[in-house]
Amino acid sequence: MGKQYWLMKSEPNEYSIEMLRKDKVTCWDGVRNYQARNFMRDHMRVGDGVLFYHSNIEPVGIAGMAVIVKESYPDYTAWDSNDRHYDPKSIPANPTWYMVDVEFVKACREVITLRKLKGISALEKMMVVQKGVRLSVQPVAPAEWEIIVRLPEWSR
DNA sequence: GCCAACGTTGGC
DNA sequence: GCCAACGTTGGC
């Protein structure tokens with residue numbers, strides 16, 4: 001399987017592209033949705049491209065780019081009863097939840113807004129522009145990636 | 001296995 | 001802050 005592409009949502013209040021710039025690498029913990037987990041656990045490979053998406057803030061949209069640098073391993077925050085994402089169903093011998101590590105590549109000069117994405121007809125099949133789709137980890141088609149990375153919002 | 005009730009997501 | 005849409009839970 002060649003390189004694949006993903007879109008990963010984060011609320012910048014919790015974790016933003018600027019925090020990733022400082023940290024350089026972070027574990028993508030806290031995903032508690034089975035479909036999103038399956039993408040991370042079963043399909044993400046080192047080198048895959050990631051669009052870092054800011055949700056629940058103005059402006060909503062793609063804020064930067066990252067790359068997968070570590071393939072899935074158990075999300076240990078599920079085992080910590082003090083953690084917001086604690087899940088007693090997940091046990092170390094049989095983890096329910098997994099995460100990957102992502103590394104900062106670059107931030108957009110300005111956010112590529114959801115509104116803008118919705119206005120690009122070649123992106124009309126993208127999951128993120130579909131009504132009611134709230135999956136926090138989504139596959140991105142190579143053709144969609146190529147369009148997005150050429151948008152002027154990336155240039156310095 | 002159905003499905004109502006509930007909790008969460010996330011755009012607006 | 002609102003609330004539509006979704007995913008999960010749990011009684012039956």
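The values are calculated or read from the model by the stated rules, or taken from the named source; none is laboratory data. Bear in mind that the values here come from a model prediction, so they are computed numbers and not experimental data. Note that we place each Cβ from the backbone using ideal geometry, even for glycine, and neighbour counts take in every protein chain shown. For the accessible areas, the whole protein counts, side chains as well, though only heavy atoms, and no ligand, DNA or RNA atoms are used. Shrake-Rupley method; radii C 1.70, N 1.55, O 1.52, S 1.80 Å.
Sub-9 Å Cβ pairs linking a first residue in segment A:139-155 that is farther than 12 Å from A:A63 by Cα to a second residue that is outside any strand (DSSP E or B) and among the aromatic types (F, W, Y), at least 6 apart or interchain, are A:P139/A:F39, ordered by first then second residue. Residues of segment A:110-147 that are of a type in the set (G, A, S) and more than 16 Å from DNA strand C (Cβ to nearest atom): A:G119, A:S121, A:A122, A:A141, A:A143.
No other residue among A:E124, A:E146 is under 23 Å from A:V46 (Cα atoms), loosely packed, with under 14 Cβ neighbours inside 10 Å and not hydroxyl-bearing (S, T, Y) apart from A:E146. Does segment A:81-89 contain at least one residue that is modelled with pLDDT of 95 or more and either within 16 Å of DNA strand C (Cβ to nearest atom) or under 17 Å from A:G30 (Cα atoms) (or both)? The answer is no; no qualifying residue exists.
Annotation note: of A:G64, A:G47, the sole residue that is surrounded by fewer than 20 Cβ atoms within 10 Å (Cβ to Cβ) and either assigned to a helix (DSSP H, G or I) or not aromatic (F, W, Y) (or both) is A:G47.
Close contacts from segment A:119-138, counting a first residue that is more than 9 Å from DNA strand B (Cβ to nearest atom) and a second that is at pLDDT below 95 and open to solvent by 40 Å² or more (accessible area, probe 1.4 Å), with Cβ to Cβ under 6 Å and a gap of 6+ residues or different chains, come to A:M127/A:V133. Among the candidates A:Y15, A:Y5, single out the residue that is open to solvent by less than 40 Å² (accessible area, probe 1.4 Å) and within 27 Å of A:R156 (Cβ to Cβ). Selected residue: A:Y5, the only one of A:Y15, A:Y5 that is open to solvent by less than 40 Å² (accessible area, probe 1.4 Å) and within 27 Å of A:R156 (Cβ to Cβ). The residue that is nearest to DNA strand B (Cβ to nearest atom), among those in segment A:80-102 that are surrounded by 17 or more Cβ atoms within 10 Å (Cβ to Cβ) and more than 16 Å from A:F39 (Cα to Cα), is A:D87. Within segment A:67-80, can you find the residues that are outside any helix (DSSP H, G or I) and within 15 Å of DNA strand C (Cβ to nearest atom)? Scanning segment A:67-80 gives a single hit, A:D75. Looking at the structure I just gave you, is A:W97 touching a Ser or Thr at 6+ places or on another chain (Cβ under 8 Å) and without any contact (Cβ under 8 Å) to a residue 24 or more places away in the chain? When the stated conditions are applied, A:W97 does not pass them. Counting the residues of segment A:11-53 that are closer than 12 Å to A:S136 by Cβ and within 16 Å of DNA strand C (Cβ to nearest atom) gives 12.
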